[in-house]
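Just so it is clear, none of the values below were taken in a lab; they were calculated from the coordinates. Remember, predicted model here, so these are calculated numbers, not experimental data. We place every Cβ from the backbone using ideal geometry, glycine too, and count neighbours over all the protein chains shown.
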Amino acid sequence: MDHFYSIPKPRFLQVSRIARVVFVMLAIFQLPAHAQGKERPVKYPTSYRTIQVDGLSIFYREAGPKDAPTLLLLHGLPSSSRMFDPLFSRLSDHYHLIAPDYPGFGHSDWPDPKKFAYTFDHIAETMNHFSEALGLLRYTLYMQDYGGPVGFRMALAHTERVEALIVQDAVAHNTGLGANWKTRRAFWTDRAANESALRVNLLSLETARTRHAGNDPDAARHDPDLWTDEFYFLNQPSQVEIQSDLFYDYRTNVENYPKWQAWMREKQPRLLVIWGKYESSFDSSEPESYRRDVPNAEVHIVDGGHFALDTAADEIAALVSEFMRTQK
């Protein structure tokens with residue numbers, strides 16, 4: 001069930017919006033069981049491609065009609081474009097979906113951290129060049145976790161390209177960083193003294209599991225392959241250095257939060273905020289912080305954790321589809 005954080009509205013407006021979302025969800029759930037999720041036949045199957053950007057091979061998933069509205073999907077840590085598979089199987093008949101892997105992630109190149117600056121500024125620059133290489137002139141940004149700081153940088157650099165924002169468990173306010181960020185903030189203050197503790201706090205198997213299952217009381221519905229695969233990825237050669245460098249740069253995101261908030265308050269972009277009710281990486285106050293910046297934002301709490309698509313893909317696909325359908 002959806003939970004709406006909103007200022008009371010006339011009841012007929014509430015019913016109208018709920019009815020539209022329910023209609024989309026029913027359309028999904030009325031498919032035969034074998035036709036839901038990855039097994040559902042799609043008109044536009046996913047293609048797995050690479051393209052050269054700034055001397056790097058950038059991997060990306062693509063599906064859907066190219067003349068349809070574009071969703072540019074930006075993944076989080078320690079995932080890749082793979083995290084968006086549930087949306088590709090549900091939305092590609094109606095929307096053009098593009099999901100890249102950042103440098104140092106997934107199937108994109110992992111340049112040596114001694115020769116490549118793993119910073120959010122650099123990754124956002126690469127992603128802007130990636131979108132230009134594909135000829136993406138207008139798109140809706142879907143941002144999860146690290147996708148937030150990458151996407152906000154892209155939006156401020158090229159406001160004219162952004163039709164709307166979808167935020168799923170990504171932070172743009174200092175209050176959104178919860179208690180487990182104490183170790184991480186200490187790392188930003190003194191990297192040398194706190195790097196070992198940071199690596200345990202951020203890159204361990206238990207942390208990988210918590211990112212997915214959070215405090216969900218029904219742990220059995222979470223596929224352990226998701227976090228064991230991510231933990232395996234984090235233990236590949238150079239990954240500890242890559243992820244440590246990038247997370248050290250995360251402090252620049254906090255410094256940029258006021259700039260992103262000011263941009264949202266000025267531009268009032270169409271904004272959909274999706275938040276897992278079992279989110280454990282960030283503070284539960286964050287969705288309302290977005291609403292303070294953009295009062296007309298749609299905010300929905302879904303039955304999932306930090307990677308809410310793990311368990312709430314049908315619900316999220318319905319919300320995204322309705323949001324895109326009503327886009328002006």
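Placing unit charges on the Cβ atoms only, positive for Lys and Arg and negative for Asp and Glu, gives the stretch 143-224 a dipole magnitude near 320 debye about its Cα centre.
The long axis of helix 147-157 is offset from the longest Cα principal axis of the chain by roughly 80 degrees. Modelled this way, with points 7 Å down the Cα-to-C-beta line, the labels at ASP67 and GLU241 are 4.9 nm from one another. Taking the 0 to 90 degree range and rounding to the nearest ten, how far is the long axis of helix 251-267 tilted relative to the main principal axis of the chain, both from C-alpha atoms? Helix 251-267 sits at roughly 30 degrees to that axis.
Each Lys and Arg contributes +1 and each Asp and Glu -1, all at the Cβ; summed about the Cα centre of the stretch 3-325, the dipole is approximately 840 debye.
Positive end of the dipole of the stretch 3-325, charges at C-beta (+1 Lys, Arg; -1 Asp, Glu), about the Cα centre: which of ALA170, GLY304, SER285 has its Cα farthest in that direction? Looking along the dipole axis, the top candidate is SER285. The relative contact order of the chain comes to 19 percent, based on Cα pairs under 8 Å that sit 6 or more residues apart. Relative to the longest principal axis of the C-alpha atoms of the chain, give the angle of the C-alpha long axis of helix 11-29, reported between 0 and 90° and rounded to the nearest 10°. Once rounded, the angle reads 80 degrees. Mean residue ellipticity at 222 nm, helices only, the chain: -13000 deg cm²/dmol; runs of at least 4 DSSP H residues each add -39,500 (n - 2.57), and the sum is divided by the number of residues.
Close Lys pairs in the chain (alpha-carbon distance under 19 Å; sequence gap of 8 or more, or different chains): 4. For the chain, modelled as a GNM with alpha-carbon contacts under 10 angstrom, which of GLY276, GLY135, GLY76 fluctuates the most? Comparing GLY276, GLY135, GLY76 in a Gaussian network model of the chain, the most mobile one is GLY135. In the distance distribution for the stretch 3-325, Cα-Cα pairs more than 29 Å apart total 34 percent. Think of the stretch 3-325 as having a plus end and a minus end, set by charges on the Cβ of Lys, Arg, Asp and Glu; of THR252, GLN268, THR183, GLN268 sits farthest toward the positive end of this dipole.
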